[in-house]
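Worksheet: the structure to be examined is printed underneath.
The values are calculated or read from the model by the stated rules, or taken from the named source; none is laboratory data. Note that the coordinates shown come from a computational prediction; the quantities given were computed from them, not determined experimentally. Note that each Cβ is placed from the backbone with ideal geometry, even for glycine, and that neighbours are counted across all protein chains shown. When the accessible area is computed, the model is the full protein with side chains, heavy atoms only, and any ligands, DNA or RNA have been set aside. Shrake-Rupley method; radii C 1.70, N 1.55, O 1.52, S 1.80 Å.
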Amino acid sequence: MHAAHAPAICHSRDCVNPIHVREATPAENHADKVTDDTHNRGARQWRSKLTEEQVFAIREDSRRQWEIAAAFGIDQATVSGIKSRKSWAWLGDAMKERL
């Protein structure tokens, strides 16, 4: 179990009030992070080379994977993961309309 901040009570990232902490599973804790927009997925990762817009462009690109990789400065395995939706899987096609 994790000690998770309860987003229904307080949405402050800097909150340290022990009353605002609850016990949660890792999945529940991650869901809270998504709800509060404090997650570290996608372009927020410190090592991410791609933006969400670039991921959608890669998904739609019909060139060979190695050509796409060269164009975006990433390796072919990354392109493969994006196209198969094993990487950036949380970024559904419906999200594209929001960007």
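Give me, ordered by chain and number, the residues 5 or more places off S87 or on other chains with an amide H under 5 Å from its own placed amide H.
Counting only residues 5 or more places away or on other chains, the set is I82.
Considering amide H positions built from the backbone, and no H for Pro or chain starts, which residues 5 or more places from H2, or on another chain, come under 5 Å of its amide H?
Result for H2 returns A24, T25.
Rounded to the nearest 0.05, what FRET efficiency do S80 and C10 give with R0 = 30 Å and r taken as the Cβ-Cβ distance? Could you check?
0.15
Can you give the net charge of the other residues whose Cβ lies under 12 Å from the Cβ of I82, counting K and R as +1 and D and E as -1?
+1
Accessible surface of V55 in the full protein assembly, 1.4 angstrom probe, to the nearest 10 Å²?
It works out to around 0 Å².
Extending each Cα 7 Å along its Cβ direction at A71 and A31, get the distance between those two points in nm, one decimal.
Taking the simple label geometry, A71 and A31 are separated by 3.9 nm.
Give me the net charge for the shell around A69: Cβ to Cβ below 13 angstrom, other residues only, Lys and Arg +1, Asp and Glu -1.
+1
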